[in-house]
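Below: the structure, in structure tokens.
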Amino acid sequence: MARVITLAMGMYDPNMTSDQLFDAIAEVMDHEMVHALKDIGVMTPKEASILEKAAGNTKYVKRNANGTSQTRSYTYLDRAKKMYPEDSDLAQREEAVAEMFRDFNAGRLKSSGAPRGIYNKVKNFFKNLISVFTGEGFNNVESIFETIQSGEMGARDRPTQKSSNELNIFH
């Protein structure tokens, strides 16, 4: 969870629009973040499966140096398998999903239906996470971790823990 908080707060700028924030998130998202989002329940196994299937069916969009893009004859999953032949099937699928997410968010890849809904869920998760921390008076990563290290955060009264499915931050 520390990596997720660091990512979200490291990008925080009160002058950013929601779209700019989402762009910043996508530029740093990689297979580790996809894995973390699954681990903490932001992305359910069913949603991950939907995106993995889409990565196996969606043609890769190459970014050209001049800013244009070109749809290739191979899929995101084909590309991940070629680039990471020694990695596990799971790691290759996660990399394919992360690259597909990056291209969707950058406007190079059009998506609809369930994949688009899942991408928007990720976007809302980060917006809500930032909102929670800034609403508590935090404006950078250091202030969050200083409060944790000092014991101040641990000394606070805590509400009853809920599952990730019950928390509004994931919806």
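Per residue, how much accessible surface does the stretch 74-136 expose to a 1.4 Å probe? Answer in Å², no decimals. Intermediate values should be presented prior to the final figure.
Working: 2950 Å² over 63 residues.
Accessible area per residue, the stretch 74-136: 47 Å².
Add +1 for every Lys or Arg and -1 for every Asp or Glu among the other residues with Cβ under 11 Å from the Cβ of T71, and state the total. Walk me through the numbers before you get to the answer.
Details: positive: K59, K62, R72, R108, K110; negative: D103.
Once positives and negatives cancel, what remains is +4.
Among the lysines, which have Cα under 19 Å from the Cα of K127 when same-chain residues fewer than 8 positions away are ignored?
Partners within reach: K38.
Taking K81 as the anchor, which lysines have their alpha carbon closer than 19 Å to its alpha carbon, excluding any fewer than eight residues away along the same chain?
List returned: K53, K59, K62.
Tell me, what is a quarter of the convex hull surface for the C-alpha atoms of the stretch 47-112, in nm² with one decimal?
4.4
The values are calculated or read from the model by the stated rules, or taken from the named source; none is laboratory data. A quick note: this is a predicted structure, and the numbers were derived from the prediction, not measured. Counting neighbours? That spans all protein chains shown, and the Cβs are built from the backbone with ideal geometry, glycine included. Ligands, DNA and RNA are excluded from the accessible area calculation, which covers all protein heavy atoms including side chains. Shrake-Rupley method; radii C 1.70, N 1.55, O 1.52, S 1.80 Å.
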